[in-house]
Amino acid sequence: MKNILDDQASYPAPGQLSAMEQRAREVAHELNNLAAILSGHIEFIFFERKLSLELEKELKTIRSLSQNLASLARQLLHPDNSPPKAKKVLTELSPLVQESLQIVSPQLKRVGIKLWVIHHQPTVSLLLDPDQISQVLLNLYLNAQQAMAKTARKVLSIETGQEAGFALVKVSDTGCGIPIENQARIFSPFFTTKAQQSAEAAGGILGGSGLGLAMAKRIIEDHGGSIKVSSQPGEGTTFTIFLPLNAVSAHDNGCCPEDDLPPLSTSTKTFRLQGRRILIIDDEPSIRQIIKKALKLQGAEVDAVGAGSDGLRMIRKKNYDLILLDLKLQDMPGEGLLEMINSTLPESARPRKIVMSGAAADSNQGLLSSLGVSAILCKPFELEELYTTISATLRA
């Protein structure tokens, strides 16, 4: 996410924020679908093939990036909400920093940025969500790149260390710096110190949205830490992340190092849906294809359509055990389709219903429950989560 810093701080004028938010929602919905598609294909690779350690590591990186993309999409949909609950595992901090730098280092080299990395103490293991912390670091690296776009000296410095019970990560650049009057506001949602640029505004997805640092702050605080900024206009900026040290072992917390976690639980093979008739209603063809393939692997009889009207026609022709329904269809709202299904079929003949959404906050859960919805799946979801939710719904 780009967050370019210069002297022209600006908030959207009255009436412009709602338009920005609407555009952000439209883009976020598409981003979340892309993340779900990417995540689904990666899971099938893990599920169906034996991989070399090198390829498995590369796919883990891609999967992590798709999860970061989904998290960004959810924050664009609901910028005032807390980040998704952190999935904390015992993780070595310095290697995590190195892995995040590997993602952006080719891009930094292309624009002439020198990279300095200093680890002041031996690596420390912390209970943290590696995907969320990587998301924060990547945002800071890209901010630094943008801040140095017009400077002659381009150096990005990363330091790790410890201080007063906290592990530290410092991200410093030699960019344009942040005006003193703006430093207290840069962590506010939608605050950006650069007016929306014409090229990026026309085709950019996240450029200049002013959400990156707000998300970073919420993620770090959710980990019990803090993030601070120090900057001199014309000289550069340093962001310092403080994360609490945890004097606990993986055994004591039921945790394990990130690399020891299996890429995908083989227990998915135990979920049998033999003979179950399931209808998928989702306007994204690739998502329909992925879910249909996943359910057919478990023996289900699956139909998939892209419009609510087509779904109604299928329901009138066939008896289904379960409907998987996207809430955001192009031809009608998901809630409206649920009402039509209920009015079309007698209560005894109605299938179980699971809705799919980009974020739980998208939906009125009380209304959905009254319409007979048994569960909500937040995109992107893993295969095992899909299987578990369906199995529990059909057993209920």
- Given the conditions (1) at positive phi; (2) at pLDDT 90 or above; (3) surrounded by fewer than 22 Cβ atoms within 10 Å (Cβ to Cβ), every one holds for G236 apart from (3)
- By residue number, the members of the stretch 106-152 that are at pLDDT 90 or above, among the small types (G, A, S) and either within 24 Å of the chain's Cα centre (by Cα) or not assigned by TED's automatic domain parsing to the domain that holds S64 (or both) are A144
- If we keep just the residues of the stretch 145-154 that are part of a loop (DSSP other than H, G, I, E, B) and of a type in the set (G, A, S), which is nearest to P244 (Cα to Cα)? A149
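From I354, I341, grab the single residue that is over 29 Å from E43 (Cβ atoms) and crowded, with 17+ Cβ neighbours inside 10 Å.
Details: I354 fails: over 29 Å from E43 (Cβ atoms).
Selected residue: I341, the only one of I354, I341 that is over 29 Å from E43 (Cβ atoms) and crowded, with 17+ Cβ neighbours inside 10 Å.
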- Which one is nearest to the chain's Cα centre (by Cα), of the residues in the stretch 285-303 that are part of a loop (DSSP other than H, G, I, E, B) and buried (at least 18 other Cβ atoms within 10 Å of the Cβ)? Q298
- Item | Failed item, numbered, when V373 is tested on (1) at pLDDT 90 or above; (2) surrounded by 16 or more Cβ atoms within 10 Å (Cβ to Cβ); (3) among the hydrophobic types (A, V, I, L, M, F, W, C); (4) in contact with a helix residue (DSSP H, G or I) (Cβ under 6 Å, 6 or more places away or on another chain) | (4)
- Task: Go through (1) over 18 Å from P244 (Cβ atoms); (2) in contact (Cβ under 8 Å) with a residue 60 or more places away in the chain and name the single condition P106 misses.
- Result: (2)
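The values are calculated or read from the model by the stated rules, or taken from the named source; none is laboratory data. Worth saying up front: this structure is predicted, and the values here are computed from it rather than measured. All Cβ positions, even for glycine, are placed from backbone atoms using ideal geometry, and neighbour counts span all protein chains on display.
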